[in-house]
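Quick notes on the structure that follows.
The values are calculated or read from the model by the stated rules, or taken from the named source; none is laboratory data. Source: prediction; values computed, not measured. We place every Cβ from the backbone using ideal geometry, glycine too, and count neighbours over all the protein chains shown. Accessible surface areas use protein heavy atoms only, side chains included; no ligands, DNA or RNA. Shrake-Rupley method; radii C 1.70, N 1.55, O 1.52, S 1.80 Å.
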Amino acid sequence: MTKYNFLQQLEAELKLIPAAERADILHDYEEHFIFGLEAGKSEEEIAMALGSPAQIAKELLAGYHLKRASANSTAGSIIRATWAVVGLSFFNLVIVLGPAIGVAGVILACWAVALTLLASPLLVLIDAVFHPAAFILFDLFFSLFMCGLGILIGMGMLHVTKLAKKAAISYLKYNVALVKGGLKRDS
């Protein structure tokens, strides 16, 4: 593969990265070719040593999405980072994605329970309007107790959700480093 073909394919694969960052990345890889040619290597040898432009782009996209997820940890940025990292490894798709979806489902269900409990006094009052003969004061007090329980669950879920976001981002960063071979072992 020639320098031109390598850089053209890499640029096509990096179309989701902003133009300024993409230009910096392409400039860095162009420098690899310049230094390699000065060292007496052919363009094909340099391209082989660098690896597949598609794989390089996957790693760079995963790093880019992780950086964005760290800076702005919204659900969308974490999902984009997750998909970018999943694209790096089949292991993630089979072993990690299933449990991650399960944990996300449990978190979502707990949020639904908290919101439902918060709405319980309103539901009792609506029921009292439509069925005044069936209204029991105990129902109102019990719904207020349930509302308080919903507040406690909601406060707990705020912490659990923040912890889950941090854990997801930490795992994704670890995984990118592992796939890139950048983990250093202590000897």
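Close Cβ contacts (under 7 Å, 6 or more residues apart or on different chains) running from residues in the stretch 40-54 that are at pLDDT 85 or above to residues that are among the aromatic types (Phe, Trp, Tyr) and open to solvent by less than 40 Å² (accessible area, probe 1.4 Å) comprise Glu43/Phe33; Ile46/Phe33; Ala47/Phe6; Pro53/Phe6.
Scan the stretch 96-121 for residues that are closer than 14 Å to Ser143 by Cα and open to solvent by less than 40 Å² (accessible area, probe 1.4 Å) and jot them down. So that I can check it myself, show each step before the final result.
Initial filter on the stretch 96-121 (closer than 14 Å to Ser143 by Cα): 113-121.
Ala114, Leu117, Ala119, Ser120, Pro121 - these are the residues of the stretch 96-121 that are closer than 14 Å to Ser143 by Cα and open to solvent by less than 40 Å² (accessible area, probe 1.4 Å).
For residues that are over 24 Å from Pro53 (Cβ atoms) and surrounded by 12 or more Cβ atoms within 10 Å (Cβ to Cβ), scanning just the stretch 171-187, find the one that is modelled with the highest pLDDT. I'd like the intermediate steps shown before the answer.
Residues of the stretch 171-187 over 24 Å from Pro53 (Cβ atoms): 171, 174, 184-187.
Next cut, surrounded by 12 or more Cβ atoms within 10 Å (Cβ to Cβ) only: 171, 174.
Numbers: Tyr171: 79, Tyr174: 74.
If we take residues in the stretch 171-187 being over 24 Å from Pro53 (Cβ atoms) and surrounded by 12 or more Cβ atoms within 10 Å (Cβ to Cβ), then Tyr171 is modelled with the highest pLDDT.
The number of residues in the stretch 122-160 that are β-branched (Val, Ile, Thr), exposed (fewer than 15 other Cβ atoms within 10 Å of the Cβ) and assigned to a helix (DSSP H, G or I) comes to 3.
For the stretch 55-70, a tally of residues being over 16 Å from Phe6 (Cα atoms), without any contact (Cβ under 8 Å) to a residue 60 or more places away in the chain and buried (at least 18 other Cβ atoms within 10 Å of the Cβ) returns 3. Restricting attention to the stretch 10-31, the residues being surrounded by fewer than 16 Cβ atoms within 10 Å (Cβ to Cβ), in a helix (DSSP H, G or I), free of Cβ contacts under 8 Å to residues at least 40 places away in the same chain and not hydrophobic (A, V, I, L, M, F, W, C) number 5.
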